[in-house]
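The values are calculated or read from the model by the stated rules, or taken from the named source; none is laboratory data. Worth saying up front: this structure is predicted, and the values here are computed from it rather than measured. As a convention, Cβ positions derive from the backbone with ideal geometry for all residues, glycine included, and neighbour counts pool all protein chains shown.
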Amino acid sequence: MTRTHFHQELQNLRDKMMGMGGTAERALDLSIRAYWQRDIQLCKMVHQGESIINASERKIDELVLDLLAMQQPMAVDLRLLLAISKCIGDLERIGDQAVNIAQRVEDLITQPQVNLPIDLPQMATLARTMLRRALDAFAIADAAEAEAVLKLDDELDAMNRDAFVAVESSVKDNPQWARSALDILIISRNLERIGDHATNIAEDVIFWVSGADVRHDAAFYERL
């Protein structure tokens, strides 16, 4: 394989990963619309999309391994392949989180609506923003944009903690809400996990572009 062909294949891989990212974004959007509209058909669409995301992960993984075996790339090209291999795992997990949300919505549809002081749409907007900006950072190889994603993670974590406190207090006063409250709390947790996966993608972009491994780097995060 010539270097020109190799870099064409690298671009092809990047395009495929972005396509997978778009599918994961759509799954997240559908799951949140399903929650907002209490729509079982939207839940079914989330389930149907899971197989597409899983197939994309397997295909991209195979292509990454093929390029590693044929070219033994060095430096930035190697970091890109490693980043893609890790990012698709996070995108597959985001698809799983969307399915988890859809499953909780399916249960909520069978229950009376409850009035809990939790703004899941706001959490979903933040999780969606983190994922979109992480993918944008990957698309344009922008470490600064990736760092901006990392700054949002604490905010989403705090919202998830607040949701737990709100559910605990509400269920004490209204024990009949327990089942619905648990569903909503699980949705909150899944949104928080989507933010974690977006953070992982952003960290991988920084690694690819700059060569810096910022995972678990307390000093780096303190500078943000």
Just one of (1) buried (at least 17 other Cβ atoms within 10 Å of the Cβ); (2) in contact (Cβ under 8 Å) with a residue 24 or more places away in the chain; (3) not hydroxyl-bearing (Ser, Thr, Tyr) trips up Asp136, so point out which. (2)
Wholly enclosed helices (runs of 4 or more DSSP H) of the stretch 1-114 bearing at least 2 residues farther than 24 Å from Arg133 by Cα and of a type in the set (A, V, I, L, M, F, W, C): 40-71, 75-109
Are there any pairs, at least 6 apart or on different chains, whose C-beta atoms fall under 7 Å, with the first in the stretch 8-20 and over 14 Å from Gln71 (Cβ atoms) and the second modelled with pLDDT of 95 or more and β-branched (Val, Ile, Thr), and if so, which? Lys16/Ile60; Met17/Ile60; Met17/Ile84; Met17/Ile88; Met20/Ile53; Met20/Ile60; Met20/Ile88
Anything in the stretch 38-86 that is aliphatic (A, V, I, L, M) and touching a Gly at 6+ places or on another chain (Cβ under 7 Å)? List them, or say none. Ile53
Would you be able to tell me the number of residues in the stretch 169-193 that are over 24 Å from Leu91 (Cα atoms), in contact with a Leu (Cβ under 9 Å, 6 or more places away or on another chain) and of a type in the set (Asp, Glu)? 0
Assuming Leu68 fulfils every condition listed in (1) buried (at least 18 other Cβ atoms within 10 Å of the Cβ); (2) touching a Leu at 6+ places or on another chain (Cβ under 7 Å) apart from one, which condition is it? (1)
Criterion first (part of a helix (DSSP H, G or I), among the small types (Gly, Ala, Ser), modelled with pLDDT under 95 and under 30 Å from Arg38 (Cα atoms)) does Ala163 satisfy it? yes
